Structures are given as C-alpha cells and as structure tokens.
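Trainee: Can you read through this structure? Questions will come right after.
The values are calculated or read from the model by the stated rules, or taken from the named source; none is laboratory data. What you see is a predicted model, and the numbers here were worked out from it, not measured in a lab. Because the Cβ atoms are built from the backbone with ideal geometry, glycine has one as well, and the counts that use them run over all protein chains shown. The protein model used for the area step is the full one, side chains on, heavy atoms only, and it has no ligands, DNA or RNA in it. Shrake-Rupley method; radii C 1.70, N 1.55, O 1.52, S 1.80 Å.
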Amino acid sequence: MNERALRVLEFTKIRDMLATYALSDPGKEKCRALTPLSDFADVNRALDETEEAVATLSYVGGNPLISFNDVSEYLALAEKGATLSQKALLSVAETLRAARAARNALVTDKENTPLITSMASRLQPLRQLETDITEAILSEEEISDHASPALLDIRRHIRQANDRIREKLNAMAHGAGYSKYLMESIVTVRGGRYVLPVKAEHRADVPGLVHDQSATGATLFIEPLAVVELGNELKEWRMKERDEIERILAAFSQQVADSAGLISQNLSILANLDFIFAKGMLSREMECVRPKMNEEGRVNLVRVRHPLIPRDTVVPCSLWLGDDFTSLIITGPNTGGKTVTLKTLGLMTLMAQSGLHIPGALGTELSTFEEVYADIGDEQSIEQSLSTFSSHMTNIVSIMNAVTPRDLALFDELGAGTDPTEGAALAQVILNALLKIKTRTAATTHYSELKAYALSTKGVENASVEFDVATLRPTYRLSIGVPGKSNAFEISRRLGLPEYLIEEAKDLLSHDTIRFEDVIANAEYHRQIAEKERQLAEEARAETVRLRNEAEKLYRDMEEKKDASTRKAKEEARRIVEKARRDSEQILYDLKKMKKAGSAPDHEVNALRKKLEEGIDSLSEGLRTPTGNFAEPPKTLKVGDIVEITHLNTKGTVLSLPDAKGEVQLQAGIMKLKAHLSQLRLVDEPKPKKKQSSVTVSTGAAMRTVGLSCDVRGMALDEALDEVEQYLDEAVLAGLHEVTIVHGKGTGILREGIQKHLKNYPHVKSFRRGKYGEGEEGVTVVELK
C-alpha cells in the first residue's frame, strides 16, 4: 500500500492511537508498523484475531496480558558469552513470567477464540529459570543471601568482620584515651574503610592510616592501626562476595543463552498477542463492529463515524459503492463534509484491510483492494515550482499509470485549480477512463458538468452533502442519488448581497444551467421532505415501541405485586392457623391439668370455652376477605342450616340470623364462633352411617379424625400413658362412649400400668379386658362417661 495514501487518509494517526493500547515496546512497534493487507484470507484472519480479542476482553474484563520488556538485545549478548547485569536478568525473568501468565489466561477450552488459544499454546514458560532468577536477584542493586551457599557464608563472615571493627572503634571513640582527640565520638566510613574523625593537631596521638580529610583540613579521617588488619580482612571478604556474585550472574547468563531460542520465540508471540489485544482494546473504545469483507469491490458503509472526529460532534455517514455503480460523484458547498466523506471511505478501507474493526453499525461491508490511491489536499512544492493544479495533476498522472480494476481511487476537487471549463473536461475524461476499467472511484467536485455526467452515464452516481441555507451551516449528511446544489445565490442573499446583483448574476447563466439547478433544488427539497417524514415515522415507531415496553413492564409489575399479595395472604393464613393450633393445644393442656387435679369447676371450664370461642372469632376476623374471593354466599339463612365455613374448612350449624355487620353465630362441634356471610356456603347435611370406625372432631382451628382404638404396643409405659391420655381427651371431645386400647399381652407391664391409670381418669366410667374375638388379654375396653 502506497505511503502517500496512508498519510493523506490519516491512517498513521490511527496507528499512533493503536500503539497507546499496547503494553510493551515490541507491541507498540508492531502497532506503528501496521500496514493494510491485500490478500482476502489474510485480512479475514486479522479481523478474526481482533474479534477474538474483543471477546476475551469482554469475558476477562480487561487485558489478560502483563507488561514485559524487549529482551532481544540481552539474549544476543548472552549468546555471545557476555555476563548479563542484574537488570537484564530481571527483565528476562519478567518476560518469562508474562509468557506463563498469558498461557494460563488464554489456553482455555473456549471454542470462540481458536486463533488466540493456538498462539498462546505455543508459549514455552521456563518456570524453573524464572523462579531461580527472581529468588536470587531481589532488585537491580541487591542479590539475595540465598543465591548460593557460598554467598551466604561469605556474607556471614562480612557481618562478623563489620561487627568486630565497629565494636573496637566504638570502644576507642568513647574511651578516655582517644575521645579527647576526636571531633566527634562517632565511627564513619571513607573509601570503604572504617575511620575516626581526628582533630588535625592530634594526628600524632592517633596512629593509623589517613584515608580522607575535611574541606577545611581541620579533621582527618584516620583508620587506627589497631583495626587495619581487621579492615583488610573485611576487604578480602568483600572481594570474595563480588567474585561470587559475578559467578552467579555468569551462571544465570549461561542458562539464558541455552534457552535463548525459546525465550525469543516467547517474546515474538507475546508481541503478537500484545498487538492483537491492542486492536481489541481500540475496537472496544471506539465501539466498533467487524465489517463483512468481499472480493467483488462492494462497499456498504452503515452509519460509519470518522474515528479522528470527536464522538459528540461527528455525524455518521452511510455510503454504498460497487453494485449498481462503480463511480460516485460527491457535490456540495465548501466545508460541507465532502472531503471528510472521501477520507472516511478511504480510512475505513485501510482499517479493515489492516484487521481493525470499523466504528459503524452492523451491516457494514468492505472490499479488499490491492491499492488505495488518494489525491486529497494541496501538496504543491516550491522547490519543484509546482502550482496547486500541477501538484494535483502530477499525482493523478501517477495514479492513472498504476491503477487497476482491483484498486480504489479517491479524488478531492478533481480538475480544480485551473480554468473551470478545461478542468471539468479533464475530470470527465479521467472519470470515464476509470469507469471503463471498472475501478471503484469516488470524487468530489463543484462542476455542474460532472453532475450532468453522473446523471447521464450508467455506472456513475451522484451524491451530495446537505447544506441548511436558513442557518448557513452544513448538516454533514450524505445523500446518494441526488446531486448537490451550490447554493451560491442563496448564501449571498442571506449574507446581504443586493437582490439586483443576484438577479443580474442569474441573467449571465444559460437557460439550461438555471433549469438544471432548479431541477436539483426541487429534487433536494422533496428529498428533505421525505427524509423528515421518514424521521417522523421512525420517531412514531420508537414511541409505539416505548409505550408497548412500558405496558409490558406495567403488566409484569402488576403480576409481581399479585404474586406478592398472594404469598403474603398465604403466609398470614398460615400464621393464623398456627396461632389457632397453639391456642387449642394450650386449652387441651389446661383441661388435662384440671382432669389430673380432679373434677374441674364449671366456671373454669366455661372460662376456657369462652377463651377458645373468642380466639376463633378473632381469627375469623383476621381471615375475612371482603373482596369476595370465596364461593357465592347464601342469599337466605335460617336457624339450623348446615353451612361450610370455607376459611376453616369445616362445617357448622347456624344459631342466629345475620346481624347488621353480616356476621352469623355458628356452632362447630363443641365450639361457638362468628363468621361473615361471605365465608359461608350452604351444604346438604350428610346422612349418618350405621357403622362408624372413626369420628371427626372439629375444634374450630382444624379437624382431626379420632379412631375407635388406640394402639400403644411397643411403647414404654410413660410414653404409652401420655398417648392414652391424649387419645381419651380427644375421644371425650368427639363424644365417643366406648373405645379400645391395644397394649398387647407381652409381660403385662403395659396392661397393668394403663388399667391402674384408668382408675384415676375422671371421664372413665368403667373398663374391662377384651373378650374372645376382641383381643382378650391384649386389649382393654374403656367405657366413657
């Protein structure tokens, strides 16, 4: 792809934008070196890589790579036998860590990223080398004591030598013999040796080696003779430390040299991955789509935005080319957006062929071209003595000599800069030549001759950029199929040019020219009317969709509230029934206590009955639903009618007619309660069966079926007595007169214990052992009062 097109279409700025998203210097270099591809398969593969990067970024939530350095120079030095510095080795370890992290993050079982997964699977992490380097080298200036056993031993001796020297010098500095000769009682270091700051006049009083002096010469830094030997020993150990560090670095450098091929391969793959994810990040940032590619020269831009214009001001452009026509002539006023449209078409083509996604809408389609030629802008050269026209024509000549049917040619103000008549003629023959070889061409112009050429020539189409005469501002919207009107007279009138001058200017135009401009103006007027009507229809449709969505949301909200109300009602009913159960159990418990204590006084029994009836009445009030969710209430009631109490799932007898509140006094079993008419339903009184094996008892809160026998076989005596006592209570409430307790024969413990307990039960009239056919010794037949 020719460099001039990349420059004038501002593709170089896109590359610079792309480079900002790369993490590494090698990745940034690949971004800045990006050039469009011309092979169809290569272009699609590059676009697929970008699409996979976008999918991975969305899944992971960010860039899965970590930063790494370009270590190719260090690898070359290591292969030549050089010893790498601590900084270089740490950079190599960082690259190995980046390779390991990338492989772990990208080699997955996801099926939508085959290209990236395949690339990452070729990474070869050298975990042992990475770990050895990072554990031994703590920073660019520090080696760990544990880098080698020898280094650990050397540094132990260095610490011991340091301690001995400082201990001896501290004793001298604070001792009576030397402290009077010192400027300060401190130990300091000069030239790697421990020294004392001695006053210059007492040089002879402190024998030793002078290593330095102060700027004034008043202080001499002397290493006393007493510690010179210790200082020499310390220096020897530090030389050994330096040699051991050099050996460690040389060993690591050799390992790096041995693995230089794998590390270089990892670096290349990481750079490619960094480049691919930079493309993905750019796509996400600009809200791009993957364009559909073809080899037939079809171009269809759908609401495409120029990426270098701020998003809040750019006007999306829709443009098509290559199906019904191969040449597009764009007309319109200056600053109306013609050149931006031309650049957008060229830049989108370059971006797509470079594997970059397009800032536009779904449905965007582009073709792969072998070359993109662009004659845009004024590049006249003073040195070459070229005018504007000459500069353009020189470029056009080079284009015409090289262009093929597989290319895209873009011309801005074709034929401008010279006599309009000659310029229009030249422009027309150039366009005609490109049309004959079916080169995809787009050109901007002001010439009316080219508008007429497009209207009369098959394969050529007019397009125009809108201009609002009322505001004297362009709208930057492109319309294909309608040539643009210059609007020179209208603009001049708005700016205040006298009307008579405008009329005189019109008289100078030919009749055909005026008629042609009027036809264009009329067509543009009707097109704008149609566009406004289309926008109104679109707004009406959007409003309809919005109202429908609101209605659906309201319906969902109502359904959710209904479900919530139902759940709340059920929970309330459960709570009320549970309370009724607890109250009933409490009353039964109180009755048992009275029975154990003997015969209960009538006033206490009546009090318990009143308490139960009041509790049931309050529960009935809580369960009342005035909205009428139950069956139809009876229209007429009379005393003695049998009704079903729907909220309690039991039956009762009417004791009184409804009062002013619609409440009816009912008898349900042994209980009396009140219920609203809406909670009642008339039923037929069931005929009693001649033989019963069980009796149903209702306490107003729930119904229980009481059998004619109680089986306690297998229970312990205490457990059996509790069961028998509860059973007899329920049998009494149910109105039974004779029941059977089945305890089995066994050892006789249950039989004797139960019969002994029955003697003290107040509601037992008598009891006997079972007869033949009743169970004999295994049962006790109880007659209740």
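Trainee: Restricting attention to region 75-103, and to residues there that are in a helix (DSSP H, G or I) and of a type in the set (S, T, N, Q), which single residue is farthest from L273 (Cα to Cα)?
Mentor: Going through the qualifying residues, I end up with Q86.
Trainee: Can you name the residue in region 457-483 that is among the small types (G, A, S) and not in a strand (DSSP E or B) and, of all such residues, is least open to solvent (accessible area, probe 1.4 Å)?
Mentor: G459
Trainee: Name the residues in region 282-298 that are in contact with a helix residue (DSSP H, G or I) (Cβ under 7 Å, 6 or more places away or on another chain) and surrounded by 20 or more Cβ atoms within 10 Å (Cβ to Cβ), would you?
Mentor: Once the filter is applied, which keeps residues that are in contact with a helix residue (DSSP H, G or I) (Cβ under 7 Å, 6 or more places away or on another chain) and surrounded by 20 or more Cβ atoms within 10 Å (Cβ to Cβ), region 282-298 yields L282, S283, P291.
Trainee: Taking P633 as the residue in question, decide whether it is under 60 Å from the mean Cα position of the chain (by Cα), in a loop (DSSP other than H, G, I, E, B) and modelled with pLDDT of 70 or more.
Mentor: When the stated conditions are applied, P633 passes them.
Trainee: What number of residues within region 426-456 are open to solvent by 10 Å² or more (accessible area, probe 1.4 Å), out of contact with any Pro (no Cβ under 6 Å at 6 or more places or on another chain) and modelled with pLDDT of 90 or more?
Mentor: The total comes to 9.
Trainee: I would also like to ask the following. Restricting the search to region 173-185, which residues are open to solvent by less than 70 Å² (accessible area, probe 1.4 Å), out of contact with any Ser or Thr (no Cβ under 8 Å at 6 or more places or on another chain) and not in a strand (DSSP E or B)?
Mentor: Across region 173-185, the qualifying residues are G175, G177, Y181.
Trainee: Still on this structure, I have one more. Within region 730-755, can you find the residues that are buried (at least 18 other Cβ atoms within 10 Å of the Cβ) and of a type in the set (D, E)?
Mentor: E730, the sole residue that qualifies.
Trainee: Which is over 30 Å from L234 (Cα atoms) and in contact with a helix residue (DSSP H, G or I) (Cβ under 6 Å, 6 or more places away or on another chain), of L89, L84, L129, L77?
Mentor: On inspection, the qualifying residue turns out to be L129.
Trainee: Buried (at least 18 other Cβ atoms within 10 Å of the Cβ), hydroxyl-bearing (S, T, Y) and under 27 Å from G355 (Cα atoms) - does that describe any residue in region 23-44?
Mentor: Yes, region 23-44 has at least one match.
Trainee: Within region 104-111, identify whether any single residue is closer than 26 Å to N294 by Cα, of a type outside the set (F, W, Y) and either at pLDDT 90 or above or in a loop (DSSP other than H, G, I, E, B) (or both), and answer yes or no.
Mentor: Yes, region 104-111 has at least one match.
Trainee: I'd like the residue in region 189-211 that is assigned to a strand (DSSP E or B) and touching a Ser or Thr at 6+ places or on another chain (Cβ under 9 Å) and, out of all such residues, is nearest to R164 (Cα to Cα).
Mentor: Y194
Trainee: Could you say whether any residue in region 89-97 is in contact (Cβ under 8 Å) with a residue 60 or more places away in the chain, farther than 27 Å from E246 by Cβ and crowded, with 18+ Cβ neighbours inside 10 Å?
Mentor: no
Trainee: Scan region 361-374 for residues that are more than 26 Å from N401 (Cα to Cα) and open to solvent by less than 10 Å² (accessible area, probe 1.4 Å) and jot them down.
Mentor: T364
For every residue, the table says whether it meets (1) in contact with a strand residue (DSSP E or B) (Cβ under 8 Å, 6 or more places away or on another chain); (2) open to solvent by 10 Å² or more (accessible area, probe 1.4 Å); (3) under 20 Å from D145 (Cα atoms).
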{"site": "D212", "(1), (2), (3)": "yes, yes, no"}
{"site": "A215", "(1), (2), (3)": "no, yes, no"}
{"site": "L220", "(1), (2), (3)": "yes, yes, no"}
{"site": "V227", "(1), (2), (3)": "yes, no, no"}
{"site": "L230", "(1), (2), (3)": "no, yes, no"}
{"site": "D243", "(1), (2), (3)": "no, yes, yes"}
{"site": "E246", "(1), (2), (3)": "no, yes, yes"}
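Trainee: Determine if region 321-343 includes at least one residue that is farther than 19 Å from R7 by Cα, among the aromatic types (F, W, Y) and surrounded by fewer than 20 Cβ atoms within 10 Å (Cβ to Cβ).
Mentor: Checked against the condition, which is being farther than 19 Å from R7 by Cα, among the aromatic types (F, W, Y) and surrounded by fewer than 20 Cβ atoms within 10 Å (Cβ to Cβ), region 321-343 yields no hits at all.
Trainee: If D163 passes every condition in (1) in contact with a strand residue (DSSP E or B) (Cβ under 6 Å, 6 or more places away or on another chain); (2) open to solvent by 90 Å² or more (accessible area, probe 1.4 Å) but one, which one does it miss?
Mentor: (1)
Trainee: Could you list, ordered by first residue, the pairs with Cβ atoms under 8 Å in which the first is in region 488-507 and touching a residue at least 40 places away in the same chain (Cβ under 8 Å) and the second is surrounded by 10 or more Cβ atoms within 10 Å (Cβ to Cβ), at least 6 apart or interchain?
Mentor: I491/P333; I491/V469; I491/L472
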